[in-house]
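Just below is one structure, and these are the notes that go with it.
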Amino acid sequence: MRYDSDLLYRPPGEWKSYLLQCTIGCSHNKCTFCTMYKSKNFRIRPVAEILEDIDMARDYYGPGLKRVFLMDGDALVMKTDDLIAVLNKLYATFPSLEKVTTYAGPKSTLAKTPEELRAIRQAGLNRAYLGVESGSDKVLHDICKGVDAAQMLQAGRALVEAGFDLWAIIIMGLTGQDGDWEEHILSTAKIINEMKPRHLSAMTFAPAKGTPMGDDVLAGRFKVCTPDQILAECRLLLEHLDVDPLHFTSNHASNYLPLKGGLPEDKEKFLHLLDEALAGKIRLRKTLNRGI
């Protein structure tokens, strides 16, 4: 297998997946909190190279491979016919293949017609991870996400309607200590309720060196939320989520109190744990340190 660098990113749940690099970097790559692809110039790899990598993976892993994650930041940006060709090759090469997944950018999702998205899903792209981040227009604008809340909702709904197993990702703490965190969380709960993903991960903002938000933290322009503020955000989010069923996780390395389970059945348990943590009865874990 060939990779453009050692900086390879995938969702935590894809740790067993073969990582197939279809694009280099992220097609948007302007989010002010993110450092993942800043050192890469975005480009789509030639399909012939990708197909060669699949043959190399067959030689390395054998025919029994069951999971594949398409890197880097957004394989949906590929031409539909090219992406389907990659999917067809994967399933022909690995007869036991059960799941192929990818990050999905909202703009690249919106660039596809409903028919294209259904064709990609039918070709075997099972799950899409969508970085929703927030349902607040102000927050989305401030972090340079490239879409507003209505467009983000449209992208998420398009993926759900096409049959994708949608995994949405949101980030608590994006307003800092002085921003309107309640508006951020309430609008985020609203967009998730309307989008109806099957999975939701609630991460916590951790400033990264070399990013605009990291620079703002170092300059004192942005005050990172305290652990109690993040716990309060998580509690407010859970109170207002009504997607049923929803697989909910808040156990990323950035989170102070790891939570994982199903909604609505685990909601009261989660709220109780958050109340205990806010009362100082549960020891919070150390979180992700990115060098700020």
Links exceeding 25 Å between C-alpha atoms in this model, out of Lys145/Lys190; Lys38/Lys260; Lys79/Lys99; Lys209/Lys267; Lys99/Lys286, come to Lys38/Lys260; Lys209/Lys267; Lys99/Lys286
Quick calc, Glu194 & Asn88: beta-carbon distance into FRET formula, R0 30 Å, rounding 0.05, result 0.35
Picking from His272, Ser254, Val224, whose Cα lies most toward the positive end of the charge dipole for the range 167-280 (charges on Cβ: Lys, Arg +1; Asp, Glu -1)? Ser254
How many nm is it between the label spots at Asp81 and Gln122, if each spot is 7 Å from the Cα in line with the beta carbon? 1.7 nm
For the range 83-94, in order, what is each residue's ³J(HN,Hα) by Karplus, 6.51 cos²θ - 1.76 cosθ + 1.60 with θ = phi - 60°, in whole Hz (x at glycine and Pro)? 5, 5, 4, 5, 5, 4, 5, 4, 6, 6, 7, 10
Return the sequence-ordered ³J(HN,Hα) values of the range 34-41 in whole Hz as given by the Karplus equation 6.51 cos²θ - 1.76 cosθ + 1.60 applied to θ = phi - 60°, using x for Gly and Pro. 9, 10, 4, 10, 5, 8, 10, 8
If packing is taken as the average number of other Cβ atoms within 10 Å across a peptide's residues, how do 47-53, 245-251 rank, most packed first? 245-251, 47-53
Loop-only GluC sites (Glu not before Pro) in the range 189-292, please: DSSP not H, G, I, E or B, and at most 12 other Cβ atoms within 10 Å. Glu265
The chain - percent relative contact order, Cα under 8 Å, separation 6 or more: 14 percent
P(r) histogram, all alpha-carbon pairs of the range 1-125 included - 10 Å bins from 0, percent: 13, 47, 34, 6, 0
Just checking the chain: which Cys have no other cysteine's beta-carbon under 4.7 Å? Cys22, Cys26, Cys144, Cys225, Cys234
Working from the pairwise distances between different alpha carbons, so that the mean of 1/r is found and then inverted, what is the chain's Kirkwood radius in Å? 19.8 Å
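Read-outs throughout are calculated quantities, based only on the coordinates presented, and are distinct from any laboratory measurement. Everything numeric in this text was worked out from a predicted model, so none of it was measured. Note that each Cβ is placed from the backbone with ideal geometry, even for glycine, and that neighbours are counted across all protein chains shown.
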